[in-house]
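In what follows, a structure is listed as structure tokens, so that the remarks can point back to it.
The values are calculated or read from the model by the stated rules, or taken from the named source; none is laboratory data. Predicted model only: the values in this text are computed from it and were never measured. Because the Cβ atoms are built from the backbone with ideal geometry, glycine has one as well, and the counts that use them run over all protein chains shown.
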Amino acid sequence: MSLCHTLWTQTIDIVDVSNCHKECKMLAKSKIEWAINETLSMKGAARLLGCSYNTFKKYAKMYGIFEPLPSNAGIPKSNRVGVKPPELQAIFNGEHPSYSQSKLQERLIREGYCVEECSNCGYNEMRASDLSVPLILDYMDDDGTNKSFDNLRLLCYNCFYIMKGSRLKVDIPKSVRGFQKAVGNLFSNES
């Protein structure tokens, strides 16, 4: 019987054995059971323990506690285990002033708080590339940290730049400025 097997049968916690295989890590049944109870999948439990899935699987099968999910649907991967996004009401109340503008816009539409159309002109044509309406989340008071629902609205790009462009000092590219000047000259010569 090897030194690894002897130490393995006597331990109830993770033991590093220096006299056997290079970086031999023994996983105790209690640790595996804890990891399985803390996560949604066997791969998640392996990640939680910081070992490879194959190593986890080997020891979990040895203890008879390896029970993968019955379906092949799987669970979405996330670096943040068990963290759910804040409630929209908490965001509206100002508890999360640095919450992502793009995520907030997506959630407002998905959860039915806003219709996916411009609140000024009603534009709602979807792009063929991603089947979404090109809209910008606008803060009426121009304060990006004030995420009160009464301060938010969705605008199409055209309305946004017409209504907010001069106030927000939006940098207009030289090519567009040249085009604006040419169009202005064209119409001023006709009168």
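Hey, among the residues in region 21-36 that are exposed (fewer than 15 other Cβ atoms within 10 Å of the Cβ) and at pLDDT below 90, which one's nearest to the chain's Cα centre (by Cα)?
If we take residues in region 21-36 being exposed (fewer than 15 other Cβ atoms within 10 Å of the Cβ) and at pLDDT below 90, then Glu23 is nearest to the chain's Cα centre (by Cα).
Residues that are of a type in the set (Phe, Trp, Tyr), modelled with pLDDT of 90 or more and touching a Lys or Arg at 6+ places or on another chain (Cβ under 6 Å): does region 49-62 have at least one?
yes
Among helices (runs of 4 or more DSSP H) lying entirely in region 82-179, which contain 1 or more residues that are of a type in the set (Lys, Arg) and either surrounded by 12 or more Cβ atoms within 10 Å (Cβ to Cβ) or in the same structural domain as Glu38 (by TED's automatic domain parsing) (or both)?
101-110, 157-164
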